[in-house]
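Working notes, structure below.
The values are calculated or read from the model by the stated rules, or taken from the named source; none is laboratory data. Treat the numbers as computed from the prediction; the structure is a model and nothing was measured. Virtual Cβ from ideal backbone geometry, glycine too; neighbours counted across all protein chains shown.
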Amino acid sequence: NVTKEFIVGIPKAELHVHLEGTLEPELKLELAKKNGIDIGQKTIEEVRQSYEFDSLTSFLGVYYPAMEVLQKEEDFYLLAMDYLKKAKDNNVKYAELFFDPQAHTSRGVPFADVINGYYRAAKDGVALGVESHLIMCFLRDMSQESAIETYEQMLPYGDKIIGIGLDSDERKNPPKKFADVFARAKEDGFNITMHCDIDQENSIEHIRQALLEIGVQRIDHGTNILEDAKLVEYAKENGIGFTCCPVSNSFVTEDMKGKEILELLHKGLKVTVNSDDPAYFQSYISDDMYVLATKYNLEKKDIIQLAKNSFEIAWIPAEKKNEYI
Ligand code: HPA
Ligand code: ZN
């Protein structure tokens, strides 16, 4: 049997964590006070109680308003630093961190403050023993025009970004809505991933578009791919990475999709386990792995495979991968 110590101890990469999803109640209250914002909650318990949701839509309804406490460059720095300390405790050696600039620029926060704060933390994280890089996500419930505007705001900071993603509300927001901006990002040499959340409307069609029309290297979540054997074969042949998040799944669908995660893993697909929004789901990466391991009787070799996959599908230059695997 796999112990928590074994899971915590194994060196790992985390590839699916939203920096805005690492906002713990303590920091939320601290930033609200610092920035003079009345968030309507005064204690950690009150903040926790506001973290209530049972679907992707209701989760996002709590998640985005919480971000108003993030105002200054330093706030973004503190948020990312808090995560990197947790990453160190989980023996995460390498992390790729999603962030949602539009959730901040739409409130009047300068793009520069968001990226400079996060990037400064990523650099300081190296002293903790955690290498990390930023993945900029577009909000899929905003327009492609807004995504293009955001992409152009990012370009002067292009060397601070390792890839581009797509997140937020999936309903009526298929990958192909963003075909132009992702084609441009690919041409400019950025790595590409996209959320295809669990059990969303048209999930398998979104997965098909992401793989065959956009040409993503990874899919975030994506276990619905099992509905189409041909796409499973395609993903296997092309080494497509899957960044699965069992505890997040259990919040938005009441099913951690452990059976599906393991089926894909045992079929030889590049499956990984990640935390998604750890402050909201109260589960960091080792907790996610442990919940999956205990509920589905994983063996040590499964945990080792998950950790190995995490470095394999990470956007680390091939020659540097040897340091980790
Ligand atoms: N799906 C979509 N948007 C998100 C998620 C997610 O899992 N987490 C944070 N934003
Ligand atoms: Zn996510």
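The single residue among N238, N274, N191, N224 that is touching a residue at least 60 places away in the same chain (Cβ under 8 Å) and more than 30 Å from E26 (Cβ to Cβ) turns out to be N191. For segment 215-234, taking the residues that are part of a helix (DSSP H, G or I) and buried (at least 24 other Cβ atoms within 10 Å of the Cβ), the one that is nearest to the chain's Cα centre (by Cα) is identified as T223. Determine whether G215 is at positive phi and free of Cβ contacts under 8 Å to residues at least 24 places away in the same chain. No.
Among the criteria (1) of a type in the set (A, V, I, L, M); (2) over 19 Å from K85 (Cα atoms); (3) in contact (Cβ under 8 Å) with a residue 40 or more places away in the chain, the one A318 does not fulfil is (3). From the list I192, I204, I162, the one residue that fits, being crowded, with 19+ Cβ neighbours inside 10 Å and β-branched (V, I, T), is I192. Would you call P25 away from ligand 2 (no atom under 16 Å from the Cβ), modelled with pLDDT of 95 or more and under 30 Å from W315 (Cβ atoms)? So P25 does not fit the description; no.
Here's the yes/no breakdown for (1) within 25 Å of A314 (Cα to Cα); (2) among the charged types (D, E, K, R); (3) in contact with a helix residue (DSSP H, G or I) (Cβ under 6 Å, 6 or more places away or on another chain):
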residue: L97; (1), (2), (3): yes, no, yes
residue: P101; (1), (2), (3): yes, no, yes
residue: T105; (1), (2), (3): no, no, yes
residue: G108; (1), (2), (3): no, no, no
residue: R120; (1), (2), (3): yes, yes, yes
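Checked against the criteria, R120 does not count as farther than 16 Å from I161 by Cβ, surrounded by fewer than 18 Cβ atoms within 10 Å (Cβ to Cβ), more than 15 Å from ligand 1 (Cβ to nearest atom) and basic (K, R).
Selection over segment 112-167 of residues that are of a type in the set (V, I, T), in contact with a Pro (Cβ under 8 Å, 6 or more places away or on another chain) and over 25 Å from K86 (Cα atoms) gives a count of 1.
Against the list (1) at pLDDT 95 or above; (2) more than 16 Å from ligand 2 (Cβ to nearest atom); (3) of a type in the set (D, E, K, R), the condition D54 fails is (1). Checking each residue in segment 283-324 for being surrounded by 14 or more Cβ atoms within 10 Å (Cβ to Cβ) and assigned to a loop (DSSP other than H, G, I, E, B) picks out S283, Y284, Y296, L298, I313, A314, W315, I316, Y324.
Filter segment 244-270 down to residues that are aliphatic (A, V, I, L, M) and within 16 Å of ligand 1 (Cβ to nearest atom) and give me whichever is nearest to K93 (Cα to Cα). Per the stated criteria, the residue is V247. Filtered by the rule that a residue be of a type in the set (A, V, I, L, M, F, W, C), part of a loop (DSSP other than H, G, I, E, B) and within 16 Å of ligand 1 (Cβ to nearest atom), segment 31-84 gives F53, L70.
For every residue, the table says whether it meets (1) free of Cβ contacts under 8 Å to residues at least 40 places away in the same chain; (2) buried (at least 19 other Cβ atoms within 10 Å of the Cβ); (3) in contact with a Lys or Arg (Cβ under 8 Å, 6 or more places away or on another chain); (4) assigned to a helix (DSSP H, G or I).
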| site | (1), (2), (3), (4) |
| --- | --- |
| L166 | yes, yes, yes, no |
| K172 | yes, no, no, no |
| A183 | yes, no, no, yes |
| K186 | yes, no, no, yes |
| I198 | no, yes, yes, no |
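Only a single criterion out of (1) within 16 Å of ligand 1 (Cβ to nearest atom); (2) under 26 Å from N249 (Cβ atoms) is not satisfied by V114, namely (2).
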